[in-house]
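The values are calculated or read from the model by the stated rules, or taken from the named source; none is laboratory data. For clarity, every value in this text was computed on a predicted model and none was experimentally measured. Cβ atoms come from the backbone with ideal geometry, glycine included; neighbour counts cover every protein chain shown.
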Amino acid sequence: MADITLTIDGKTCKAKPGQSIVDAAKENGIYIPVLCNYEGLKPAGTCRICTVRVGGRFMAACTTPVGEGMIVESGTPDIEDMRKAIVEMLFVEGNHMCPCCEKSGNCELQALGYRYQMLVPRFPYLWPASQVDASTPKIFLDKNRCVQCLRCVRGAVTPDGKHVFGLLNRGDRTAIAIDHALASKMTDEMAQKAMDSCPVGAILRKEVGYVVPIGMRKFDSKPIGSDIGQ
Amino acid sequence: MSKPVVATASLAGCFGCHMSVLDIDDRILQLIDLVEFNKSPVDDIKTFTKTCDIGIIEGGCCNSENVENLKEFRKHCKILISLGECAIMGGLPAMRNGIPVKECMEEAYYNCPTIDKNDPKIMPNDDELPMILDRVYPLHEIVKIDYYLPGCPPRADLIWEALVALITGKELSLPYEVLKFD
């Protein structure tokens, strides 16, 4: 099929039919921030960090496919401020103690906080009462830090198609839960994969930690998205 | 023109942010030229003797004394800065938020592993002790805060640049490496 032509922030971009706006932007050197979107997983559109404006309407760039002649606004001050507000909301909705989190420096939520120069969230902290589930042999599940991106729910699947993680409840009571029977059979490799798929420090491997020293972690000196552009 | 007057305090903090102030190294000599210190652990002045231009506070509020101190700072300082994660969001002390105070106190004074089971159970209740708050509060939930400098501790360069920008009226640049939450 023929390529699709669209413009993102005034730049003419070529994309393949069916491609998401996020992926098309990436291929054209434009970074649209994502949190719940993860390579290899079906987009879920849960976090809305990638919100763009198309034809005057806001939509999630990870779940919206490109269209011929589409005019996408992404890096405008109002959209960037909305994204910053989402980051701030995620910070106040959980208990994000960066100084004592093992994922600090490698955390995508924190990296977005850096990118948007979040000095203090504009919203009041909610201090939700959350628990740490340390009952499985290979991983900790710290619900204090979960942003409900569903990357683990979508990604951690056993070879026979069973999901290790799932969702409990609805609305503001939504929480990630773990299938203890399946999690007890997790290999180190699966545990590492689950940890890597978590953008924050909600899923951590047991018996390893703080492997990379401060200063050499993923986002210590390079802002998130700097490998893509802008 | 007289030098700007600076006051500092550590509330529910670990003094790490004050250590980071010292981490500006030899620029501390320039700082002495730039500002005059009033109430601060740096010079050990215990009470305000004049109105200050800049108040820098590390740590959140975990007890009634912290709140009194903070209000005192707001009263005497034209500009108030939240320095570090604890001041901005409660930090590590705020890990008790969400756990009832009774449970925390009983864990600390009755049930912790270092308490001898045969000892009488005593909860500290001297009148001199400040009352512990229901949770740890970030400073801006109690008084108006003008500026925020995150980090645990905030990088010395961030503190320095922010102070110089504030004193000289120059715009503050925030290089990527200095703005960190850990």
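Within this structure, B:Ile122 passes the test of being assigned to a loop (DSSP other than H, G, I, E, B) and either touching a residue at least 12 places away in the same chain (Cβ under 8 Å) or farther than 25 Å from A:Tyr125 by Cα (or both).
Would you confirm, using the coordinates I've provided, whether B:Gly84 is on the phi > 0 side of the Ramachandran plot and within 14 Å of chain A (Cβ to nearest Cβ)? It is true that B:Gly84 is on the phi > 0 side of the Ramachandran plot and within 14 Å of chain A (Cβ to nearest Cβ). Just one of the numbered conditions (1) in contact with a strand residue (DSSP E or B) (Cβ under 6 Å, 6 or more places away or on another chain); (2) modelled with pLDDT under 95; (3) not hydroxyl-bearing (Ser, Thr, Tyr) is not true of B:Ala7: (2). Filter region A:204-230 down to the residues that are surrounded by 11 or more Cβ atoms within 10 Å (Cβ to Cβ), modelled with pLDDT of 95 or more and more than 30 Å from A:Ala24 (Cβ to Cβ), then identify the one that is nearest to the other protein chains (Cβ to nearest Cβ). Here the answer is A:Leu204. In this structure, is B:Leu158 surrounded by 16 or more Cβ atoms within 10 Å (Cβ to Cβ) and without any contact (Cβ under 8 Å) to a residue 24 or more places away in the chain? Considered against the rule, which asks whether it is surrounded by 16 or more Cβ atoms within 10 Å (Cβ to Cβ) and without any contact (Cβ under 8 Å) to a residue 24 or more places away in the chain, B:Leu158 comes out as yes.
Has region B:136-153 got any residue that is more than 14 Å from chain A (Cβ to nearest Cβ) and either more than 16 Å from the chain's Cα centre (by Cα) or not charged (D, E, K, R) (or both)?
From region B:136-153, those more than 14 Å from chain A (Cβ to nearest Cβ) are none; that's our starting set.
No, region B:136-153 contains no residue that is more than 14 Å from chain A (Cβ to nearest Cβ) and either more than 16 Å from the chain's Cα centre (by Cα) or not charged (D, E, K, R) (or both).
Test B:Asp127 against the stated conditions and say whether it is away from every other protein chain (no Cβ under 14 Å), assigned to a loop (DSSP other than H, G, I, E, B), over 21 Å from B:Glu72 (Cβ atoms) and acidic (Asp, Glu). No: the conditions fail for B:Asp127.
So which of A:Ala191, A:Ala181 is loosely packed, with under 15 Cβ neighbours inside 10 Å and assigned to a helix (DSSP H, G or I)?
Working: A:Ala191 fails: loosely packed, with under 15 Cβ neighbours inside 10 Å.
Just one listed residue meets the conditions, A:Ala181.
Residues considered: A:Thr51, A:Thr63, A:Thr136, A:Thr76. Of these, the only one that is hydroxyl-bearing (Ser, Thr, Tyr), surrounded by fewer than 14 Cβ atoms within 10 Å (Cβ to Cβ) and over 18 Å from B:His140 (Cβ atoms) is A:Thr76. B:Val21 fulfils the conditions (1) in a helix (DSSP H, G or I); (2) within 22 Å of B:Lys144 (Cα to Cα) except for a single criterion, (2).
Give region B:154-182 a look and list any residue that's in a loop (DSSP other than H, G, I, E, B), more than 23 Å from B:Gly98 (Cα to Cα) and at the interface with chain A (Cβ under 9 Å from one of its Cβ atoms), or say none. Break it down into steps so the answer makes sense when it comes.
As a first pass, look at region B:154-182 and keep what is in a loop (DSSP other than H, G, I, E, B): B:154-155, B:169-175, B:179-182.
Retained after the next criterion (residues that are more than 23 Å from B:Gly98 (Cα to Cα)): B:154-155, B:169-175, B:179-180.
Within region B:154-182, B:Leu174, B:Leu179, B:Lys180 qualify.
Among residues that are among the aromatic types (Phe, Trp, Tyr), under 25 Å from B:Leu172 (Cβ atoms) and away from chain B (no Cβ under 11 Å), A:Phe91 is not included. Does region A:197-211 include one or more residues that are touching a Leu at 6+ places or on another chain (Cβ under 6 Å) and in a loop (DSSP other than H, G, I, E, B)? Among the residues of region A:197-211, at least one is touching a Leu at 6+ places or on another chain (Cβ under 6 Å) and in a loop (DSSP other than H, G, I, E, B), which makes the answer yes. Look at region A:155-168: where a residue is within 15 Å of A:Ala181 (Cβ to Cβ) and a partner is of a type in the set (Asp, Glu) and surrounded by 15 or more Cβ atoms within 10 Å (Cβ to Cβ), sitting 6+ places away or on another chain with Cβ atoms under 9 Å, you get A:Lys162/A:Asp179; A:His163/A:Asp179; A:Val164/A:Asp179; A:Phe165/A:Asp179; A:Gly166/A:Asp179. If you go through region A:108-163 and keep only what is under 24 Å from B:Asn97 (Cα atoms), assigned to a helix (DSSP H, G or I) and more than 9 Å from chain B (Cβ to nearest Cβ), you end up with A:Leu109, A:Lys143, A:Arg145.
Scanning region B:87-107 for residues that are small (Gly, Ala, Ser) and at the interface with chain A (Cβ under 8 Å from one of its Cβ atoms) yields B:Gly90, B:Gly91, B:Ala94, B:Gly98.
Put simply, of B:Lys102, B:Lys75, B:Lys50 the only residue that is over 17 Å from the mean Cα position of the chain (by Cα), free of Cβ contacts under 8 Å to residues at least 24 places away in the same chain and either loosely packed, with under 13 Cβ neighbours inside 10 Å or in a strand (DSSP E or B) (or both) is B:Lys102.
Would you confirm, using the coordinates I've provided, whether A:Gly113 is crowded, with 21+ Cβ neighbours inside 10 Å, of a type in the set (Gly, Ala, Ser) and within 20 Å of B:Ser82 (Cβ to Cβ)?
Working: crowded, with 21+ Cβ neighbours inside 10 Å: yes; of a type in the set (Gly, Ala, Ser): yes; within 20 Å of B:Ser82 (Cβ to Cβ): yes.
Yes; evaluated as a whole, the condition is true for this residue.
Can you tell me which of A:Val164, A:Val157 is under 19 Å from A:Arg205 (Cβ atoms) and modelled with pLDDT under 95? Let's see the steps before the verdict.
On the way: A:Val164 fails: modelled with pLDDT under 95.
Residue meeting the stated conditions: A:Val157.
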